[in-house]
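Colleague: Got a structure for you, questions after.
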Amino acid sequence: MELPLDINGVKGFLDPEEGKALYEYCLVAAEVGPCLEVGSYCGKSTVYLGEACRSASVTLFAVDHHRGSEEHQPGEEYHDQALFDDSAGLMDSFREFRATMRQADLEEVVVPIVAPSLVAAQDWRTPLGMVFIDGGHSLEAAMIDYRSWASHIVPGGVLAIHDIFPDPADGGQAPYEIFKLALSSGLFEEVERVKTLGLLRRI
Ligand code: SAH
Ligand code: MG
């Protein structure tokens, strides 16, 4: 895997090993359909997935309202003042995201959808080869993401979920809850776990 830019220079929350796994699974999944991620932030995961989609000549849809999750808001643990739009009084990671896509030469591969996950999903009809869920971490947000997007994955396709913490002492449980839901639905089987990244295949 060769990335078109220095990935360490991209702000974000993805371990390089997790990124590599995203790239490798996406490379195969993109053969069965276009791919989609929920939660792009400044585009770190988008670069890995986008590179794989470029190779397979499919589109990567990148859904994010770019207003930040709970933990990105002013005063919270992962707030980044540089991503705050003072005139709007809101977070705005879209400008940085666009810069990353331009740097990575991914503007012809990645289609940004700047909207809440639920709104983006409302009229979605396109079957997907891979869905990567890395959006809001409240149980409500994670459930919306799972219910909205997992049903569009074609057989043989991949569902990837970030921030899986089986031990509650290590982190929030919402991503793990939807991971377990996917398994118990009987529609998915676990194929690999890379750090906090859960990878499932649509049966
Ligand atoms: N994948 C990124 C990190 C994503 S952080 C990386 O590799 O670095 C989580 C992102 O989810 C934030 O940018 C936030 O704006 C977005 N988000 C949270 N809730 C959302 C929702 N309901 N709809 C769309 N985007 C959401
Ligand atoms: Mg994450």
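Colleague: Check which residues have an amide H placed less than 5 Å from LEU128's amide H, if you skip close sequence neighbours.
Modeller: Under 5 Å from the amide H of LEU128: ILE153, VAL154.
Colleague: Pairs of alpha-carbon atoms within less than 8 angstrom and 6+ residues apart define the contacts here; what relative contact order does the chain have, in percent? Before the final figure, lay out each step's value.
Modeller: Details: 394 pairs, mean separation 42.8, N = 203.
Relative CO of the chain lands at 21 percent.
Colleague: Could you pull out the trypsin sites (Lys or Arg not before Pro) across region 64-141 that fall in loop regions by DSSP (anything but H, G, I, E, B) with no more than 11 other Cβ atoms inside 10 Å?
Modeller: On the way: sites: ARG67, ARG95, ARG98, ARG102, ARG125; in loops: ARG67, ARG125.
Here the trypsin sites (Lys or Arg not before Pro) that fit, given the DSSP loop and packing criteria, are ARG125.
Colleague: Still on this model: If you average the sequence gap of Cα pairs under 8 Å that are 6 or more apart and divide by the length of region 87-203, what percent do you get for the contact order?
Modeller: Numbers: 146 pairs, mean separation 24.7, N = 117.
The value is 21 percent.
Colleague: With a Förster radius of 41 Å, plug the Cβ-Cβ distance of THR126 and ASN8 into 1/(1 + (r/R0)^6) and report the FRET value to the nearest 0.05. Show your work: numbers first, answer last.
Modeller: Details: r = 33 Å, r/R0 = 0.81.
That pair, THR126 with ASN8, gives E of 0.80.
Colleague: With a 10 Å Cβ neighbour count serving as the proxy for reagent exposure, in which order, fewest first, do MET91, MET1 appear?
Modeller: Working: MET91 20, MET1 11.
The order, fewest Cβ neighbours first, is MET1, MET91.
Colleague: Residues with amide H under 5 Å of VAL111's amide H, sequence separation 5 or more or different chain, H placed in the peptide plane at 1.01 Å from N; which?
Modeller: The list, which skips near neighbours in sequence, is LEU60, PHE61, ALA62.
Colleague: With a cut-off of at most 14 other beta carbons within 10 Å, and DSSP calling the residue loop, which GluC sites (Glu not before Pro) in region 98-165 qualify? Please list them. Intermediate values should be presented prior to the final figure.
Modeller: Working: sites: GLU107, GLU108, GLU140; in loops: GLU107, GLU108.
Taking region 98-165 and a limit of 14 other Cβ atoms within 10 Å, the loop GluC sites (Glu not before Pro) found are GLU107, GLU108.
Colleague: In whole Å, what are the Cα extents of region 23-114 along the three principal axes, biggest one first?
Modeller: If we take the Cα atoms of region 23-114, the spans are 42, 21, 17 Å.
Colleague: Hey, could you grab the Kirkwood Rh for the chain? Inverse mean 1/r over distinct alpha carbon pairs, Å, one decimal. Before the final figure, lay out each step's value.
Modeller: On the way: mean 1/r = 0.0596 Å⁻¹.
Hydrodynamic radius (Kirkwood, Cα only) of the chain equals 16.8 Å.
Colleague: I need the semi-axes of the equivalent ellipsoid of region 98-203: take the C-alpha gyration tensor, multiply each eigenvalue by 5, square-root it, list largest first in whole angstrom. Can you show the working numbers first?
Modeller: Working: eigenvalues 105, 59, 44 Å².
Working through the eigenvalues yields semi-axes of 23, 17, 15 Å.
Colleague: At ARG95 and SER185, where each label point lies 7 Å from the Cα along Cα→Cβ, what is the point-to-point distance in nanometres?
Modeller: It works out to 3.8 nm between the two label points.
Colleague: Go ahead and run the numbers for FRET between SER138 and GLN103, Cβ-Cβ distance against an R0 of 35 Å, rounding to 0.05. Could the numbers behind the result be given before it?
Modeller: On the way: r = 31 Å, r/R0 = 0.90.
With R0 = 35 Å, the Cβ-Cβ based efficiency is 0.65.
Colleague: Follow-up question, since we're still on this one. Please list the non-local residues whose amide H lies under 5 Å from the amide H of PHE188, H modeled 1.01 Å from N, same-chain partners needing a gap of 5 or more.
Modeller: Correct list: ILE203.
Colleague: Full extension from VAL111 to SER151: what is 0.36 nm times the residue separation minus their Cα-Cα distance, to one decimal in nm?
Modeller: Values: separation 40, 0.36 × 40 = 14.40 nm, distance 2.04 nm.
Contour length minus the Cα-Cα distance gives 12.4 nm.
Colleague: Let me ask something additional. Just the number, please: Stokes-Einstein D of region 60-131 in µm²/s, Kirkwood Rh from C-alpha pairs, 20 °C, 1.002 mPa s.
Modeller: On the way: Rh = 13.7 Å.
Result for D is 156 µm²/s.
No value in this document is a laboratory result; all are computed from the given coordinates. This one's a predicted model, so the numbers in the text were calculated from it and none came from an experiment. Cβ sites come from the backbone with ideal geometry, for glycine too, and all protein chains shown count toward neighbours.
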